[in-house]
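Colleague: Take a look at this one; I'll ask things after.
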Amino acid sequence: MGSVHLTASEKSFIWVNYMVDSMAICCLTYYLEKCEDKKIAELLTYALELSKIHTKFAAETLSKENYPVPIGFNDEDVSLNAPRLFSDEFVLFYLHHLANLGLSYYSKALSMVAREDVHEFYKECISSSSELNSRTKELLLSMGLYVRAPYIPDASHPEMIEKLGYLKGFLGEKRMLTSLEITNLFFNIQTLEIVKTLMIGFSQVVKSKDLRDYLIRGKEISTKTLKELRTLLEKEDLSSASPWYTYISDSTESPFSDKLIMFHGAIMAGAGIEQYGFSLATIMRRDVGMKYSKLITEMLTFADDGMNLMIKNKWMEQPPMAVSRKDLENK
């Protein structure tokens, strides 16, 4: 790629890729070490190899640009001797969720990069994440663990919206939820169940009191939000995802460093904000839209406090930044 340098967007996506995949290598190696289910172990091995390929590409690409490779995470951030923290079944749910997040992130990256090697890299990332999504979904279905979204009746014919009160939701009669509104509520509930489980498990094992308090706060936010979103579905006699938080051992020995756990929490918070934003953009009932607006504000505060905690403990690496021309002029 000779004279074609990385753009800011290309550099940022690759940098984040290295950080997230170096974390994933630690997590997946530990989960694979504890895994007893052969089929789940095969998927963990596949996902682990993908993360290794991603970090190799990111490191080599940044090095060729004379840009420092992030510290990220390594063997010091994982203890393979720590007892099992989560069940194999939950790890499979978690792996399926990672595949979903990967599809979202890589699709966005592909739309914003131009350099040929980076473009091809993200095309391959989408393909492999799609494969991981399919394989984890198939296994969840075969094990009877996959939770399907609610069913709604078929319409007999197309209709145009005629009532001006279609967007209402605060006062008077409320219309039923649309299929897209139901979809986003259901997906957010599933995601929150995974986040809540991680928060409970991680809060048992972290060493830092500040981090433990932060994780407990995250668990409480997840519990409250789950109740609110479930209520929206249940009021219309629609089912919601079943809880998975029971798949946690009583171990208090941490398999991961506090730094890794905090970064993991930050990634999940960021993904939650993004999903709430997407949900808000597709809502056409004002009471539900207001609910998402409040959730975004709450999550932004939570994420901001998490960043401050990371900075306080010197766990936050500085991402690629623009150069201050004023500072250069004053030298």
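Colleague: Tell me, what is the Rg over Rh of segment 190-315, with Rh the Kirkwood radius over Cα pairs?
Modeller: In segment 190-315, Rg relative to Rh is 1.00.
Colleague: Further question on the same structure: Count the net charge of all other residues whose Cβ sits under 10 Å from the Cβ of residue 99, scoring Lys and Arg as +1 and Asp and Glu as -1.
Modeller: Here the count lands on +1.
Colleague: Then there's this: With label points built 7 Å along Cα→Cβ from the Cα atoms of residue 297 and residue 115, find their separation and express it in nm.
Modeller: Each label point lies 7 Å from its Cα, and together they span 4.2 nm.
Colleague: Let me ask something else about it. What are the equivalent ellipsoid semi-axes of segment 3-102, built from the alpha-carbon gyration tensor (square roots of five times its eigenvalues), in whole angstrom, biggest first? Intermediate results must be reported in sequence, preceding the final value.
Modeller: Numbers: eigenvalues 172, 40, 20 Å².
Output for segment 3-102: semi-axes of 29, 14, 10 Å.
Colleague: Please report, in debye to the nearest 20, how large the charge dipole of the chain is about its Cα centre when each Lys and Arg carries +1 at its beta carbon and each Asp and Glu carries -1 there.
Modeller: Values: 38 positive and 44 negative charges, 172 e Å.
Value, rounded to 20: 820 debye.
Colleague: Follow-up question, since we're still on this one. Using Cα pairs closer than 8 Å and at least 6 residues apart in sequence, work out the relative contact order for segment 254-308, in percent.
Modeller: Computed value for segment 254-308: 44 percent relative contact order.
Colleague: At 10 °C and a viscosity of 1.306 mPa s, what translational diffusion coefficient does Stokes-Einstein give for segment 70-193, taking Rh as the Kirkwood radius over Cα pairs? Give it in µm²/s as a whole number.
Modeller: On the way: Rh = 18.9 Å.
Answer from the Stokes-Einstein relation: 84 µm²/s.
Colleague: Also, I was wondering about something else. Can you tell me the 0 to 90 degree angle between the C-alpha axis of helix 8-34 and the longest principal axis of the chain, rounded to 10?
Modeller: The answer is roughly 80 degrees.
Colleague: Give me the distance in nm between label points sitting 7 Å out from Cα along the Cα-to-Cβ direction at residue 187 and residue 207, one decimal.
Modeller: Spacing of the two 7 Å Cα→Cβ label points: 3.9 nm.
Colleague: Mean separation of Cα pairs under 8 Å and 6+ residues apart, divided by the residue count of the chain: what relative contact order is that in percent?
Modeller: The normalised contact order for the chain reaches 22 percent.
Colleague: Okay, moving on. For Cα pairs less than 8 Å apart in space and 6+ apart in sequence, what is the mean separation divided by the residue count of segment 174-268, i.e. the relative contact order in percent?
Modeller: 39
Colleague: Another question about this same structure. Quick one: grab Rg to one decimal and Dmax as a whole number for the chain, Cα atoms only, in Å.
Modeller: Taking only Cα atoms of the chain, I get Rg and Dmax of 21.5, 73 Å.
The numbers here are math on the coordinates, done by the rules we state, and not lab data. As the structure is a prediction and not an experimental result, all values here were calculated from the model. Glycine gets a Cβ as well: all are built from the backbone with ideal geometry, and neighbour counts include every protein chain shown.
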